[in-house]
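Student: Before I ask anything, let me first share the structure, which is written out below as C-alpha cells.
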Amino acid sequence: MTAPAPLIARQQGDAPTIAEQLVAWLEARGVRHVFGLCGHTNIAVLSAMADSGLHFVNVRHEQIAAHAADGYARVTGRASVLLSHLSPGLTNAATGVANAALDCIPMVVIAGDVPSYYYGKHPHQEVNLHADASQWEIYRPFVKRAWRVDTPELFPEIMEKAFLLAESGQPGPVLVNVPMDFFSARIDPELWRRAGAGARGLVPPGLDEETARQIVTTLARAERPVIHVGGGVALARAHDELCAFVDHMQIPVSHSLMGKGALADDHPLVLGMTGFWGRAFTNEQTRNADWILALGTRFKEADCSSWYPEYTFDIPGRTRLIQIDIEPQEIGRNYPVEIGAIADLRAALRVLNRVAREILPEGRAPDGRAERIAAERAAFAAANREMRGSDAFPMMPERILADLRAEMPADAILTSDVGWNKNGVAQQFDILTPGSILIPGGFATMGFGPAAALGARIAAPDRVVISLVGDGGFGQNPSVLASAVAEGAPVIWVVMNNNAYGTIAGLQKANYGLTHGTTFPRAESPDAQVPDYAAIARAYGARGVRIGSAAEFRPALREAIASGQPTVIDVPMVNTPTPTSGHWNILDIYSPQGGAGHVVTD
C-alpha cells in the first residue's frame, strides 16, 4: 500500500523521526520517567525510548499510570509525563488526570491519535460521533489546556508551551494530542532549539512591600488571629517559610484536608484540620478568630462545613479575611476578603518573614494559645487511648493508625485513598515531616493511593513509602502490584479491610437503615476472606500478609519495612465511622429533620 503523500513529503531527509526527537528533548529537559501503557498509536515513541535515558513505567491500566504520575509529580515538584494511547487509553486515564487537575498537580499528557489523514473516516478506535478530529476535547473540562497538533512542525513549540503551562501559576495537567503519523514524520531538529529559546522558567509573582506591611501590622494587632493553610503551601514548597513565619508571629495554624502536613503535626501551634471531619476545638478556634490569613486554600465544602457560619468559619461575621493565592480566581471565591493578594506562597512568605522581623524584631508575644493547644491534644489523646490500644479484632481503625505511626519512619511518604484512611488520617494521624503525605482532595478518587505510592517511590527511591487504603480503593486496580514488582519498588500497601465502601455504607445505614450496594458479601470465616488480597499480592510476585489478630499488625509492618519488597498487609477492620464535629450539607438532604449522620455497620 502506498503511504499518503503528506507523510512521504515529511519523511524526506536524514533527520530523526519526531518520536526520536521528542525523546531526546525530554531527556535534555531533565525528564527521567514516563508513565503509561502501549497502543498502536504510541509505539513509535516507546521504540525511541528503548535505547534512551528515559525509563518507561509500564502499567496494566491507564488509571494506574495517571495516579502514579500524579504521585511522582507531588514528590518531585515538577511536571510528570503520561504517555497514552488514543480513545479507550485516553478515557481510562481521564479519572487520574482529573484527580491531578483538581489537586493542581503538574502533568503533561501525550496522547496518540488516529492518522491525521484518516480524521473522520472512522478508523480503528476513533472518537468522532459528533465532530471529526475532536478526541482532545474529552479532556477540555479539567486540564489547563488541551492542544491538538495540526502540523508536525508545530509539535516542538506546543511541547515547550505544555511544560511551561503545567508548571506555572496554579499548576495542573495539560494534554498534547498527536496524530500517530506525526510521530513517524521527520522535521528539522532546529525547531526544538528555537522553541526552547523562549521562557523555559518563569519567575513567580511575589508580594509587594506595602501589602506585606499591611498584613503583618493587621495580624500583630489582632486579638485572635489564625493562619489557615491549604495545599498551595505544598505546591509552592513553602514549608520552611511557613514555619518561620508561624514561629515569629506565634499564630496558631489550622489546615484544610490538602493542607495536612504543611507544618509538622507536632508543632506546638498546629490546631489541626477544619470542617466536617475536623476536631471541635479546631473549628471553635477558626469560627471565633477575628482575623484569618488564608494561604493557598480554596475553602472547599468539607473543610468549611458546607460554608454554614455556625460550624467552622464565620466570615464576614466574626472574622475578617486576608487571602493569598497564586490563582486570582481563588481570591474571594467562597468568602469575602479584606486583603487579597496574588502571589506565589513561597515568595510571599519570604517577604512576610522579612517584614515581620522589621516591624516586630522580637516577634509577636505568645498569647497563651500554644498551652491550650497542648492541653486539647492531651485531652484528645486520653479520650482516644482505649481505641488506640484496643485488642479487638477485626481491628479498630484507631489502633491501625496508632501502630502505623509507631513503626513508620518520620520521613516516610504516606499516601491515602478515601474513607477512614483519608479522613481519619487527616484528623488524628501525625505527619512529622512536612510534605510527606499525598491525599486525593478535590476528586476524592478511590484507587489514587495505591498507584500514587508507586509513583512516589519511583520519585524517592531512598524513602519508605506506605499506601494506607481501604479494601474498596485497593480493589479498584490491584494490578498496580505487577508494576511495583517489575520496577522493584518496595511499596507497602496497608489495606484497611472493612468489607465495604465503609463511609458510604455508614451514611446509608444511618439515613436509610440498610446497606444495599455499599457492602460486600462476607465469607464464612476470616480465613476464607474473598478476595484474599494477600494471596493476590503473592500471585503478582509481591509479599502478602493477612492479619489474624490486632497483635500481629505491628510486627508485620516492621517486617515489611525491613524486607525491601513490595508488600500487601490485609488488615480486617471494624466499619466504624470517622468522628465528626462539623457539618456537611448532604446530611440536611438525607435527614431534613436532623439526627442522622454515619453509624457503625456490621
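Student: In the range 548-602, how does Rg compare with the Kirkwood Rh, expressed as the Rg/Rh ratio over alpha carbon atoms?
Tutor: Details: Rg = 18.4 Å, Rh = 14.9 Å.
Value, to two decimals: 1.24.
Student: Calculate, for residue 43 and residue 372, the FRET efficiency according to 1/(1 + (r/R0)^6) with r their C-beta to C-beta distance and R0 45 Å; round to the nearest 0.05. Show your work: numbers first, answer last.
Tutor: Values: r = 62 Å, r/R0 = 1.38.
For R0 = 45 Å, the calculated efficiency reads 0.15.
Student: How many lysine pairs are close in the chain, with Cα atoms under 25 Å apart and the two 8 or more places apart or on different chains? If you can, show how the numbers build up before the last one.
Tutor: Details: 144/161; 144/260; 144/300; 260/300; 260/422; 300/422; 422/509.
Summing the qualifying lysine pairs gives 7.
Student: I need two numbers for the range 29-116: Rg to one decimal and Dmax as a whole number, Cα atoms only, in Å.
Tutor: Over the range 29-116's Cα set, Rg and Dmax evaluate to 12.2, 37 Å.
Student: What does the convex hull of the Cα atoms of the range 389-590 come to per residue, in Å³, rounded to a whole number? Provide the component values of the computation, followed by the final result.
Tutor: Numbers: hull volume 24.8 nm³, N = 202.
Dividing the Cα hull volume of the range 389-590 by its residue count gives 123 Å³.
Student: Could you tell me which of 400, 324, 361 has its Cα farthest along the dipole of the chain towards the positive end, charges placed at Cβ (Lys, Arg +1; Asp, Glu -1), taken about the Cα centre?
Tutor: Working it through, the farthest residue towards the positive pole turns out to be 361.
Student: Sum -39500 (n - 2.57) across every DSSP H segment of at least 4 residues in the chain, then divide by the residue count to get the 222 nm mean residue ellipticity, nearest 500. Could you put the intermediate results ahead of the total?
Tutor: Details: 23 runs with 232 residues, N = 602.
After summing the helix terms and dividing by residue count, I get -11500 deg cm²/dmol.
Student: Determine, for 277, 192, the number of other Cβ atoms within 10 Å of each Cβ, and report the residues in order from fewest to most. It would help to have the intermediate numbers written out before the result.
Tutor: Values: 277 24, 192 21.
By the 10 Å Cβ count, ascending, the order reads 192, 277.
Student: For an R0 of 25 angstrom, estimate the FRET efficiency from the Cβ-Cβ distance between residue 563 and residue 384 and round to the nearest 0.05.
Tutor: Details: r = 30 Å, r/R0 = 1.22.
The calculated FRET efficiency here is 0.25.
Student: Taking only the Cα atoms of the range 245-290, how large is their convex hull per residue, in Å³? Write out the running numbers ahead of the final one.
Tutor: Working: hull volume 3.6 nm³, N = 46.
About 77 Å³ per residue, rounded to a whole number.
Student: Still on this structure: Place a label point 7 angstrom from the Cα of residue 462 along the Cα-to-Cβ direction, then list the residues of the range 65-105 whose backbone nitrogen is under 16 Å away.
Tutor: The answer is 76, whose backbone nitrogens lie closer than 16 Å to the label point.
Student: I would also like to ask the following. Report the extension gain between residue 333 and residue 596 in nm, rounded to one decimal, defined as 0.36 nm multiplied by the number of residues separating them, less their alpha carbon distance. Intermediate values should be presented prior to the final figure.
Tutor: Working: separation 263, 0.36 × 263 = 94.68 nm, distance 3.02 nm.
Length gained between residue 333 and residue 596: 91.7 nm.
Student: When a/c reaches 1.5 or more, the comparison of a/b and b/c decides; with that in mind, is the range 180-266 rounded, prolate or oblate per its Cα gyration tensor? Let's see the in-between values first.
Tutor: Values: a/c = 4.48, a/b = 2.38, b/c = 1.88.
Here the range 180-266 falls in the prolate category.
Student: Quick one: if you stick a label point 7 Å off each Cα along the C-beta vector at residue 549 and residue 266, how many nm between them?
Tutor: Spacing of the two 7 Å Cα→Cβ label points: 3.0 nm.
Student: What value in Å³ per residue do you get for the convex hull of the alpha-carbon atoms in the chain? Mind dumping the intermediate values first?
Tutor: Numbers: hull volume 98.6 nm³, N = 602.
Looking at the chain, the number lands at 164 Å³ per residue.
Student: Here is a follow-up. Give the span of the range 472-546's Cα atoms along each principal axis, as three whole-Å numbers ordered largest to smallest.
Tutor: 46, 24, 15
Student: Between helix 155-167 and the chain, what is the angle of the helix's C-alpha long axis to the longest principal axis, kept within 0 to 90° and rounded to the nearest 10?
Tutor: Taking Cα atoms only, the helix is inclined about 0 degrees.
Student: Just to check, using Stokes-Einstein with a Kirkwood Rh over alpha carbon pairs, what's the diffusion coefficient of the range 309-401 at 25 °C and 0.890 mPa s in µm²/s? Walk me through the numbers before you get to the answer.
Tutor: Details: Rh = 17.7 Å.
Here the translational diffusion coefficient equals 139 µm²/s.
Student: Full-extension gain between residue 124 and residue 29, please, as 0.36 nm times their residue separation minus the C-alpha to C-alpha distance.
Tutor: Between residue 124 and residue 29, full extension yields 30.8 nm more.
Student: Taking Cα centroids, how far is the range 537-568 from the range 264-290 in Å?
Tutor: Rounded to whole Å, the Cα centres lie 35 Å apart.
Student: Might you report the magnitude of the Cβ-based charge dipole of the chain about its Cα centre, with Lys and Arg at +1 and Asp and Glu at -1, to the nearest 20 debye? Please report the intermediate quantities before stating the final value.
Tutor: Working: 50 positive and 63 negative charges, 40 e Å.
Here the size comes out at about 200 debye.
Student: Per-residue counts of other Cβ atoms within 10 Å, averaged by peptide: what ranking do you get for 430-436, 336-342, highest first?
Tutor: Values: 430-436: 18.9, 336-342: 16.3.
Final packing ranking: 430-436, 336-342.
Student: Considering the range 146-202, what Rg and Dmax in Å follow from its alpha-carbon atoms?
Tutor: Both quantities, over Cα of the range 146-202: 11.9, 35 Å.
Student: Restricting the count to DSSP beta bridges whose residues both fall in the chain, what percent are antiparallel, rounded to a multiple of 5? Before the final figure, lay out each step's value.
Tutor: On the way: 3 of 64 bridges.
Antiparallel bridges: around 5 percent, rounded to the nearest 5.
Student: Cα axis of helix 397-407 to longest principal axis of the chain: angle in degrees, 0 to 90, nearest 10?
Tutor: Result, in degrees: 70.
Student: OK, next. Please give, to one decimal in nm, the separation of the simple spin-label points placed at residue 530 and residue 221, each 7 Å out from Cα toward the Cβ.
Tutor: Output for this residue pair reads 7.0 nm.
Student: Wrap a convex hull around the Cα atoms of the range 209-371, take a quarter of its surface area, and give that in square nanometres. Before the final figure, lay out the partial values.
Tutor: On the way: hull surface 32.2 nm².
With every direction weighted equally, the projected area is 8.1 nm².
Student: Shifting gears a bit: On a 0 to 90° scale, report how tilted helix 502-512 is relative to the longest principal axis of the chain, with both axes built from alpha carbons and the result rounded to the nearest 10.
Tutor: 60 degrees
Student: How many times 2.2 N^0.38 Å is the alpha carbon radius of gyration of the range 501-598? The partial results should precede the final answer.
Tutor: Values: Rg = 17.9 Å, N = 98, 2.2 N^0.38 = 12.6 Å.
Computed over Cα atoms of the range 501-598, the ratio equals 1.42.
Student: Here is a follow-up. Any idea how far the Cα center of the range 323-400 sits from the one of the range 100-141, in Å?
Tutor: Each part's Cα centre sits 41 Å from the other's.
Computed from the coordinates by the stated procedures, all read-outs in this text should not be read as laboratory data. Owing to the predicted nature of the structure, the values given are computational and were not obtained by experimental measurement. Note that we place each Cβ from the backbone using ideal geometry, even for glycine, and neighbour counts take in every protein chain shown.
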